[in-house]
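Below you'll find the structure, written out as structure tokens, and then a few comments.
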Amino acid sequence: MNRYGEKSLLTLAKSVDWTGWRRIAIVLPPDLNPPVRLTSVYVVRSLGGAPVTAAGTLRFRALAVIIPGSS
């Protein structure tokens, strides 16, 4: 959610097909109008794909934000 309360959808990974830890980084679009706030994370199967019957756990740690133009 940006400073104006507008929500945006960002894809963190197109598939989760690994075990163990993985570092994933996404760059926020420059038109997102910071400051931004992460309000929820949804895990969904790809539209049009076969039904997913797998189960497991996703854990997140050390979340960080990369803002375009910063270093």
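No value in this document is a laboratory result; all are computed from the given coordinates. As the structure is a prediction and not an experimental result, all values here were calculated from the model. So basically every Cβ, Gly included, is an ideal-geometry build from the backbone, and we count neighbours across all protein chains shown.
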Worksheet item: Calculated FRET efficiency, Ile26 and Ala54, Cβ-Cβ r, R0 22 Å, to nearest 0.05?
Response: 0.40
Item to complete: Output the peptides 13-19, 31-37, 54-60 sorted from most to least packed, where packing is the average of other Cβ atoms within 10 Å over each peptide's residues.
Response: 31-37, 13-19, 54-60
Practice prompt. Rounding to the nearest 20 debye, state how big the charge dipole of the chain is about its Cα centre with +1 on each Lys and Arg Cβ and -1 on each Asp and Glu Cβ.
Written response: 220
Worksheet item: Toward the positive end of the charge dipole of the chain, about the Cα centre and with charges on Cβ (Lys, Arg +1; Asp, Glu -1), which of Pro29, Met1, Thr57 goes farthest?
Response: Thr57
Fill in: Full-extension gain in nm, Lys14 to Leu63, via 0.36 nm per residue minus C-alpha separation
15.8 nm
Item to complete: Do me a favour and compute the ellipsoid semi-axes for the chain from its Cα gyration tensor, root of five times each eigenvalue, largest one first, whole Å.
Response: 26, 16, 11
